[in-house]
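This report concerns only the one structure given below.
The values are calculated or read from the model by the stated rules, or taken from the named source; none is laboratory data. Source: prediction; values computed, not measured. Counting neighbours? That spans all protein chains shown, and the Cβs are built from the backbone with ideal geometry, glycine included. The accessibility values were calculated without ligands, DNA or RNA, using every heavy atom of the protein model including side chains. Shrake-Rupley method; radii C 1.70, N 1.55, O 1.52, S 1.80 Å.
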Amino acid sequence: MSTIDNLPPLREVIARHDLRAKKQLGQNFLLDLNLTAKIARQAGDMSQCDVLEIGPGPGGLTRGLLAEGARHVLAIEKDARALPALAEIADRYPGRLTVIHGDALEIDPLAHLTPPIRIAANLPYNVGTELLIRWLTPPDWPPFWQSLTLMFQKEVAERIVAAPGSKAYGRLALLAQWRSDARIVMTLPPEAFVPAPKVHSAVVHLTALPAPRYPADPAILSRVTAAAFNQRRKMLRASLRGLHPQIESLLDQAQIPPTARAEEIDLERFCALARALQAARDAQ
Ligand code: SAM
């Protein structure tokens with residue numbers, strides 16, 4: 001029995017339910033329940049929150065979230081083989097775990113969640129970035145979630161928290177940091193997982209800000225950063241030429257040197273450029 005919840009150890013659960021990891025489902029399981037409880041604690045106080053977990057698998061992180069006091073966990077899992085193991089956890093925590101069998105990219109979880117909502121997941125690598133981008137670009141802000149506590153490949157985690165001037169800095173950093181605080185709170189070696197992936201991993205904790213750090217229209221900001229970073233080695237006056245005939249004057253208004261490259265420009269200046277572009281278009 002494990003010390004955190006008196007349920008069997010995960011190795012035994014995996015053997016009993018024949019949950020051999022499948023690569024195509026991005027399955028790298030966490031089996032150390034002390035570690036999953038530690039990851040769960042990074043999500044903060046969950047006692048008054050519903051927690052959305054994507055990809056619970058055999059339930060290591062799910063058990064961590066419940067043992068650490070989550071009011072209710074909604075877990076969405078694509079692999080039907082994991083459902084009996086998850087049902088055992090639901091029995092241990094009556095009324096606190098709901099499991100949905102399906103693809104997280106296709107299920108709207110909101111119908112099953114009561115605010116306030118936090119999201120915590122050891123994400124399947126194949127869908128992790130896509131889900132993050134969706135959570136960061138809802139139709140309205142603040143979003144439905146208060147915080148995201150997510151495991152990524154370390155290289156992706158570094159792109160989320162990157163600062164200007166670094167190689168990892170790009171659209172993902174700007175998107176994440178425009179309307180949330182993003183920090184790497186843990187790093188994990190490959191051996192923490194079964195099977196061990198080829199790369200290191202990291203847990204990123206993002207807290208939604210009540211409003212964007214700097215005003216800008218989301219669609220225009222997205223267009224500006226896409227054009228800037230799609231040709232990141234070009235000077236901005238060249239990479240952004242297609243956005244407006246007087247792009248040099250707009251760069252000047254935003255206090256961006258026309259010869260600068262995308263990776264030198266911080267979030268505040270990109271937002272200023274998005275506002276200048278919007279004002280120029282509105283004036284036409
Ligand atoms: N949370 C478990 C842990 O920490 O040990 C498993 C993590 S494993 C990296 C990713 C999990 O996501 C697997 O259980 C996999 O079956 C599931 N998964 C993969 N694609 C999914 C999808 N589109 N929707 C829901 N679950 C998915």
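Out of all the residues in the stretch 108-129, which are more than 9 Å from the ligand (Cβ to nearest atom) and either open to solvent by 30 Å² or more (accessible area, probe 1.4 Å) or touching a Phe, Trp or Tyr at 6+ places or on another chain (Cβ under 7 Å) (or both)? Working first, answer last.
Our first condition is that a residue be more than 9 Å from the ligand (Cβ to nearest atom); within the stretch 108-129, this holds for 108-120, 129.
If the condition is that a residue be more than 9 Å from the ligand (Cβ to nearest atom) and either open to solvent by 30 Å² or more (accessible area, probe 1.4 Å) or touching a Phe, Trp or Tyr at 6+ places or on another chain (Cβ under 7 Å) (or both), then 108, 110, 111, 112, 114, 115, 116, 117, 118, 119, 129 are the ones that fit.
What are the pairs, 6+ residues apart or on separate chains, where a residue within the stretch 50-62 that is under 7 Å from residue 74 (Cα atoms) has its Cβ under 7 Å from a residue that is β-branched (Val, Ile, Thr)?
Taking only residues 6 or more apart or on different chains, the pairs are 51/73; 52/117; 52/119; 53/62; 53/73.
For residue 189, indicate whether it is surrounded by fewer than 14 Cβ atoms within 10 Å (Cβ to Cβ) and in contact with a Cys (Cβ under 9 Å, 6 or more places away or on another chain). Spell out how you get there, then give the answer.
Numbers: surrounded by fewer than 14 Cβ atoms within 10 Å (Cβ to Cβ): yes; in contact with a Cys (Cβ under 9 Å, 6 or more places away or on another chain): no.
For residue 189, the condition - surrounded by fewer than 14 Cβ atoms within 10 Å (Cβ to Cβ) and in contact with a Cys (Cβ under 9 Å, 6 or more places away or on another chain) - is not met.
Going through 51, 13 one at a time, which residue ends up being open to solvent by less than 40 Å² (accessible area, probe 1.4 Å) and over 26 Å from residue 145 (Cβ atoms)?
Within the list 51, 13, the selection yields 13.
Does any residue of the stretch 138-154 turn out to be within 17 Å of residue 26 (Cβ to Cβ) and either surrounded by fewer than 13 Cβ atoms within 10 Å (Cβ to Cβ) or at pLDDT below 95 (or both)?
Quick first cut of the stretch 138-154, residues within 17 Å of residue 26 (Cβ to Cβ) only: 150-154.
Those still in the list that are either surrounded by fewer than 13 Cβ atoms within 10 Å (Cβ to Cβ) or at pLDDT below 95 (or both) too: none.
Checking the stretch 138-154: not a single residue is within 17 Å of residue 26 (Cβ to Cβ) and either surrounded by fewer than 13 Cβ atoms within 10 Å (Cβ to Cβ) or at pLDDT below 95 (or both).
Quick one: how many residues across the stretch 20-53 are near the ligand (Cβ under 9 Å from one of its atoms), touching an Asp or Glu at 6+ places or on another chain (Cβ under 8 Å) and not in a helix (DSSP H, G or I)? Lay out the reasoning, then the answer.
In the first step, residues of the stretch 20-53 are kept if they are near the ligand (Cβ under 9 Å from one of its atoms); the result is 21-22, 24-31, 36, 39, 53.
Add one more test, that the residue is touching an Asp or Glu at 6+ places or on another chain (Cβ under 8 Å), and what stays is 22, 25, 27.
From what's left, not in a helix (DSSP H, G or I): 22, 27.
Looking only at that region, the number is 2.
Take the stretch 155-179 and flag every residue that is open to solvent by less than 20 Å² (accessible area, probe 1.4 Å) and over 11 Å from the mean Cα position of the chain (by Cα).
Here is the first cut: in the stretch 155-179, the ones open to solvent by less than 20 Å² (accessible area, probe 1.4 Å) are 156-157, 160, 162, 169-170, 172-174, 176, 178-179.
Listed by number, the residues that qualify are 162, 169, 170, 173, 174, 178, 179.
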